[in-house]
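Q: Pasting a structure here, questions to come.
Nothing in this text is a laboratory measurement; each read-out follows from the coordinates by a stated rule. This structure is a prediction, so every number in the text was calculated from the model and none was measured. All Cβ positions, even for glycine, are placed from backbone atoms using ideal geometry, and neighbour counts span all protein chains on display.
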Amino acid sequence: LMFLFEFFEDQMLAFMVFSVVWVSEIFCMVRVRGNLAMRKFPSFFLLLFLCYLIYVYSYPQGFTYVAFSCWVCSVCSVMLFFTNRFQRNPIQPVHNAFITTTIFQ
């Protein structure tokens, strides 16, 4: 966490960035299970994070908290997209093709 304080002038912003990265890592470990989602979610997160960093370093006196809130909303929408698109709904019944029946004679 201390290295983020060197990159961001605002300590609260550095802590919030660290928190969002941590929550995204936990989401990736817990909810992202499919092969396609495991390959694509980190790429989308990296793209959004790089866009945020480019803005923050291009305009150091700019609206960093507004950019942070836009980044958080974008990351949340990507998380919801991957949850709804690539995860099986637990309410749906599971159809197992490998169920065999035995006939007792």
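Q: Once phi is turned into θ = phi - 60°, what whole-Hz ³J(HN,Hα) does the Karplus curve with 6.51, -1.76 and 1.60 give for every residue of the stretch 18-23, x standing for Gly and Pro?
A: In residue order, the calculated couplings are 4, 5, 5, 5, 5, 5 Hz.
Q: Over 16 Å, how big is the tail of the calculated P(r) for the stretch 1-89, in percent of all Cα pairs?
A: 55
Q: What is the gain in length, in nm to one decimal, between T83 and S19 on full extension, counting 0.36 nm per residue of separation less the C-alpha to C-alpha distance?
A: Here the segment from T83 to S19 would lengthen by 21.0 nm.
Q: How many nm is it between the label spots at R31 and Q11, if each spot is 7 Å from the Cα in line with the beta carbon?
A: So the label points at R31 and Q11 sit 3.2 nm apart.
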